[in-house]
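The values are calculated or read from the model by the stated rules, or taken from the named source; none is laboratory data. Because the structure is a prediction, the values reported are computed rather than measured. Counting neighbours? That spans all protein chains shown, and the Cβs are built from the backbone with ideal geometry, glycine included. These accessible areas exclude ligands, DNA and RNA; they are computed on the full protein's heavy atoms, side chains included. Shrake-Rupley method; radii C 1.70, N 1.55, O 1.52, S 1.80 Å.
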Amino acid sequence: MTNLPEVTRKDEQEDSAATKPASAATEAKITCDENGVDEGFPYARPPVCELTGDIRISPKEKTMYLVNPSGAGPFDANGEKKIRPFARKDDFLLPGVVEVTIKSVSSAEAAPQCTRRHDVPVVVFSVAGYTDNFFHDNTDVLIPLFLTTAHLKGEVQLLITNFKPWWVHKFTPLLKKLSNYDVINFDKDEGVHCFRAGHIGMYRDRDLIISPHPTRNPHNYSMVDYNRFLRRAFALPRDAPAVLGEETSAKPKMLIIERKGTRKLLNLREVSAMCEELGFAVTVAEAGGDVRGFAERVNAADVLLAVHGAGLTNQIFLPTGAVLVQIVPWGKMDWMATNFYGQPARDMRLRYVEYYVSEEETTLKDKYPRDHYVFTDPMRIHGQGWPAIAEIIMKQDVMVNMTRFKPFLLKALDELQE
């Protein structure tokens with residue numbers, strides 16, 4: 001089993017002025033992983049570069065200098081390489097990500113003087129994009145940051161571009177677990193920070209999926225490791241669900257995530273009542289901004305039930321062996337249902353139950369005739385790209401047929417008995 005970072009918080013990192021004698025020179029080296037193609041994953045990964053040597057970061061200039069007398073590396077004719085350090089290569093999002101220039105210089109004199117020296121590696125990354133959507137908070141920032149830094153056991157300095165104070169505050173328990181040092185706001189810092197090693201950008205795998213890989217996951221972490229990291233960061237007490245029959249008076253706890261925008265479960269009360277009749281102790285709640293509070297609520301559950309959407313990301317807080325029930329809306333959602341939440345659940349060693357709604361259980365039937373391609377050939381929606389998916393599939397609500405749905409609830413109950 002992979003060892004996870006057990007770190008203690010320091011008030012601040014030891015630093016010194018530029019007058020501090022430089023340590024022994026380290027040979028300059030830069031390697032960049034630019035092989036972002038994954039045939040089974042439609043979102044190409046952006047480049048990630050790892051550097052060692054005399055590294056000087058000037059946030060004001062948006063430049064990372066590498067003292068590199070040989071000039072070797074993946075640089076252009078001007079000795080530069082430009083990186084947007086965000087872990088999702090999305091052509092729509094990337095223009096909004098701060099661009100950082102890695103600049104190869106022939107001598108220390110050609111680089112700005114250090115105002116602060118750091119004895120730990122650095123990771124420069126962005127929190128732009130779809131952050132504040134809990135799914136993307138994890139897939140585009142937190143899991144990539146875990147993959148890139150967990151092995152350093154807190155001995156790493158984080159520099160954040162596209163800095164969002166509210167985002168940093170929201171995820172402070174996780175950032176403190178990954179780094180012993182206060183994060184640096186790349187967008188406002190006026191100094192020149194010097195390091196001997198570091199990354200610009202972060203490694204990522206698929207969404208909520210971590211697989212063995214020689215470059216993207218050299219330390220062989222898994223989603224189970226990420227779950228364990230989250231439990232420790234938020235001090236979540238449960239590592240396993242209740243086992244039926246273990247305590248005769250205890251009912252298995254079910255948490256139903258309520259959606260109030262799109263993809264609402266219209267007969268939520270009826271579903272909740274049936275779950276109670278089957279023997280569950282049911283709580284209904286909407287996922288909100290209090291990450292720790294909702295994490296505690298999810299960790300207390302034995303079964304998590306929700307319609308497809310970002311709220312299902314909260315499965316990351318379930319105890320290992322708990323059950324996830326995903327209600328999949330109409331519209332040939334197989335790939336999304338499996339890759340975004342189904343396979344991740346299995347990788348986290350959860351028991352997984354999925355329910356696909358029929359055309360009789362979607363509000364799309366009130367908007368489109370039955371001979372429309374929405375019903376006869378829903379893959380045509382996917383062929384039109386994300387705008388059509390978002391406008392049609394993602395804006396439906398569902399009302400499950402209780403007779404049809406009941407066996408899936410019984411299956412969830414059975415899973416807890418195994």
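Residues of region 112-122 being open to solvent by less than 40 Å² (accessible area, probe 1.4 Å), within 19 Å of Lys60 (Cα to Cα) and part of a loop (DSSP other than H, G, I, E, B), which ones?
Those that are open to solvent by less than 40 Å² (accessible area, probe 1.4 Å), within 19 Å of Lys60 (Cα to Cα) and part of a loop (DSSP other than H, G, I, E, B): Pro112, Cys114, His118.
Would you please list the contacts, defined by Cβ atoms under 9 Å and residues six or more apart or on different chains, that run from a residue in region 277-289 that is more than 9 Å from Pro252 (Cα to Cα) to a residue that is open to solvent by 40 Å² or more (accessible area, probe 1.4 Å) and in a loop (DSSP other than H, G, I, E, B)?
Val284/Glu258; Ala285/Glu258; Glu286/Glu258; Glu286/Arg259; Glu286/Lys260; Ala287/Glu258; Ala287/Arg259; Gly289/Asp132
Given the criteria among the polar types (S, T, N, Q), within 30 Å of Ala235 (Cα to Cα) and open to solvent by 30 Å² or more (accessible area, probe 1.4 Å), does Gln315 qualify?
Spelling it out, it is not the case that Gln315 is among the polar types (S, T, N, Q), within 30 Å of Ala235 (Cα to Cα) and open to solvent by 30 Å² or more (accessible area, probe 1.4 Å).
Can you say whether Val303 is touching a residue at least 12 places away in the same chain (Cβ under 8 Å), buried (at least 22 other Cβ atoms within 10 Å of the Cβ), more than 27 Å from Asp90 (Cβ to Cβ) and touching a Lys or Arg at 6+ places or on another chain (Cβ under 8 Å), as far as the supplied structure shows?
Considered against the rule, which asks whether it is touching a residue at least 12 places away in the same chain (Cβ under 8 Å), buried (at least 22 other Cβ atoms within 10 Å of the Cβ), more than 27 Å from Asp90 (Cβ to Cβ) and touching a Lys or Arg at 6+ places or on another chain (Cβ under 8 Å), Val303 comes out as yes.
What's the total number of residues in region 178-208 that are part of a loop (DSSP other than H, G, I, E, B), in contact (Cβ under 8 Å) with a residue 40 or more places away in the chain and not hydroxyl-bearing (Ser, Thr, Tyr)?
15
Return yes when Leu410 is out of contact with any strand residue (DSSP E or B) (no Cβ under 6 Å at 6 or more places or on another chain), open to solvent by 10 Å² or more (accessible area, probe 1.4 Å) and over 17 Å from Thr262 (Cα atoms) and no when it is not.
It is true that Leu410 is out of contact with any strand residue (DSSP E or B) (no Cβ under 6 Å at 6 or more places or on another chain), open to solvent by 10 Å² or more (accessible area, probe 1.4 Å) and over 17 Å from Thr262 (Cα atoms).
Anything in region 156-192 that is open to solvent by 10 Å² or more (accessible area, probe 1.4 Å) and either on the phi > 0 side of the Ramachandran plot or in contact with a Ser or Thr (Cβ under 8 Å, 6 or more places away or on another chain) (or both)? List them, or say none.
Asn162, Lys164, Asp187, Gly191, Val192
Pull out all pairs, ordered by first then second residue, where Cβ-Cβ is under 6 Å, the residues are six or more apart or on different chains, the first lies in region 92-121 and is touching a residue at least 24 places away in the same chain (Cβ under 8 Å), and the second is open to solvent by 60 Å² or more (accessible area, probe 1.4 Å) and part of a strand (DSSP E or B).
Glu99/Lys82; Thr101/Lys82
Read through the list (1) under 18 Å from Val357 (Cβ atoms); (2) crowded, with 19+ Cβ neighbours inside 10 Å, then give the number of the only condition that Thr262 fails.
Status for Thr262: all satisfied but (2).
Does Ile143 qualify as being among the β-branched types (Val, Ile, Thr), assigned to a helix (DSSP H, G or I) and under 24 Å from the mean Cα position of the chain (by Cα)?
Judged against the criteria, Ile143 is a match.
Restricting the search to region 90-111, which residues are of a type outside the set (Gly, Ala, Ser), modelled with pLDDT of 95 or more and surrounded by fewer than 18 Cβ atoms within 10 Å (Cβ to Cβ)?
Of everything in region 90-111, those that are of a type outside the set (Gly, Ala, Ser), modelled with pLDDT of 95 or more and surrounded by fewer than 18 Cβ atoms within 10 Å (Cβ to Cβ) turn out to be Glu99, Thr101, Glu109.
What are the residues in region 223-253 that are of a type outside the set (Lys, Arg), in contact with an Asp or Glu (Cβ under 7 Å, 6 or more places away or on another chain) and open to solvent by 40 Å² or more (accessible area, probe 1.4 Å), if any?
none
For region 43-89, please list each of the strands (runs of 3 or more DSSP E) lying entirely inside it that holds at least 1 residues being surrounded by 15 or more Cβ atoms within 10 Å (Cβ to Cβ) and among the aromatic types (Phe, Trp, Tyr).
63-67
Yes or no: region 384-391 includes at least one residue that is in contact with a Gly (Cβ under 7 Å, 6 or more places away or on another chain) and in a helix (DSSP H, G or I).
No, region 384-391 contains no residue that is in contact with a Gly (Cβ under 7 Å, 6 or more places away or on another chain) and in a helix (DSSP H, G or I).
If Cys275 satisfies every condition in (1) in contact with a strand residue (DSSP E or B) (Cβ under 9 Å, 6 or more places away or on another chain); (2) more than 18 Å from Val357 (Cβ to Cβ); (3) open to solvent by less than 50 Å² (accessible area, probe 1.4 Å) but one, which is the exception?
Single failed check for Cys275: (2).
Of all residues in region 325-358 being open to solvent by 60 Å² or more (accessible area, probe 1.4 Å) and not in a strand (DSSP E or B), which is farthest from Gly309 (Cα to Cα)?
Ranking the candidates gives Arg349 first.
Name the residue, out of Thr52, Thr31, Thr26, Thr63, that is of a type in the set (Val, Ile, Thr) and at pLDDT below 90.
Thr26
Could you tell me which numbered condition Phe146 fails, if it satisfies all but one of (1) within 27 Å of Pro214 (Cα to Cα); (2) surrounded by fewer than 23 Cβ atoms within 10 Å (Cβ to Cβ)?
Single failed check for Phe146: (2).
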